[in-house]
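Engineer: One structure is given below, represented as structure tokens, and several questions about it will come after.
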Ligand SMILES: [Mn+2]
């Protein structure tokens, strides 16, 4: 039994064939898929618009597997998708399951009011697409970092927010619990602190968690060649 957990693919109206093929292969390779939020970018399009994009084929593909979709802060409208996709289990807050003597708690992570959230002037109750410019600006900036030698410093800096999440779960975590988050765009596997983060599927890099009988593993695959001018090597950091 193979479970794949990924998050923060932030799919936009711009269809990306390589990203599509990567996600398709990833979905087909698993028995169970858990999308841990921010699957599509709800600040740049409505749910109706998203369902008209070619990305929709992924949702149909997910219907052939056991799929759990935990809603994030960028794809809040996904909670209204249930009636279109009865075969996908849509979860608003957290998804809990037991495997191999452990209890896994899967949650996007925006519920914890992390430091950066307090500085981003985004009101989710207002018209979300009015913040498209902010989301696109950040997307281009992050893309530059991720595709160059700045990937490592950026994702390591974001671990500050993983540390905040670790502190937040400390009181709640029981002995055999593992908390799995997304949201911070920083992949991490820290079993000692009962913590994992699935990272991103964006800017050419596919980061995800794989759970099998052997346990939880953090993975990273480049589905697009990196910027040769700025990267140190084709693989890894
Ligand atoms: Mn998020």
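Only the coordinates and a few stated rules stand behind these numbers; no lab work does. Just so it is clear, the structure is predicted and the values come from calculations on it, not from any experiment. A quick note on method: Cβ atoms are made from the backbone with ideal geometry, for glycine too, and the neighbour counts reach across all protein chains shown.
Engineer: Please work out how much length the chain gains when fully extended from residue 56 to residue 112, using 0.36 nm per residue of separation minus the C-alpha to C-alpha distance, in nm with one decimal.
Structural biologist: Taking residue 56 through residue 112 to full extension adds about 17.1 nm, to one decimal.
Engineer: Here is a follow-up. Going 7 Å from the Cα of residue 66 toward and past its Cβ, which residues in the stretch 163-203 have a backbone nitrogen under 18 Å from where you end up?
Structural biologist: 178, 180
Engineer: Here's a follow-up. Can you compute the modelled spin-label distance between residue 177 and residue 150, with each label point 7 Å from Cα toward Cβ, in nm?
Structural biologist: 3.7 nm
Engineer: Which percentage, to the nearest 5, of the DSSP beta bridges contained in the chain is antiparallel?
Structural biologist: If we restrict to bridges inside the chain, about 50 percent are antiparallel.
Engineer: So what is the relative contact order for the chain, in percent, with contacts set as C-alpha pairs under 8 Å and at least six apart?
Structural biologist: 23 percent
Engineer: Do the sum for the chain: with -39,500 (n - 2.57) for every DSSP H run of n ≥ 4, divided by all residues, what is the mean residue ellipticity at 222 nm, to the nearest 500 deg cm²/dmol?
Structural biologist: -7000 deg cm²/dmol
Engineer: What FRET efficiency would be calculated for the residue pair residue 133, residue 218, taking the C-beta separation as r and a Förster radius of 35 Å, to the nearest 0.05?
Structural biologist: So, using R0 = 35 Å, E works out to roughly 0.60.
Engineer: May I ask for the Rg/Rh ratio of the stretch 65-107, computed from Cα atoms with Rh as the Kirkwood radius, given to two decimals?
Structural biologist: With Rh from the inverse mean 1/r over Cα pairs, Rg/Rh is 1.02.
Engineer: Roughly what would the spin-label model give for residue 17 and residue 143, points 7 Å off Cα along C-beta, in nm?
Structural biologist: Going from the residue 17 label point to the residue 143 one covers 1.7 nm.
Engineer: Mind ranking 1-12, 17-28 by how tightly packed they are, going by the mean number of other C-beta atoms within 10 angstrom, highest first?
Structural biologist: Packing order, densest peptide first, comes out as 1-12, 17-28.
Engineer: Counting DSSP beta bridges in the stretch 1-129, what percent are antiparallel, to the nearest 5?
Structural biologist: If I count the DSSP bridges inside the stretch 1-129, around 30 percent turn out antiparallel.
Engineer: If we restrict to alpha carbons, what Rg and Dmax does the chain come to, in Å?
Structural biologist: For the chain, the Cα-based Rg and Dmax read 16.9, 47 Å.
Engineer: Still on this structure, I have one more. Rounded to the nearest 5, what % of DSSP beta bridges with both residues in the stretch 64-119 are antiparallel?
Structural biologist: That works out to approximately 60 percent antiparallel.
Engineer: Taking the mean number of other Cβ atoms within 10 Å as a proxy for protection, how do you rank 183-195, 108-120 from highest to lowest?
Structural biologist: In descending order of packing, they fall as 183-195, 108-120.
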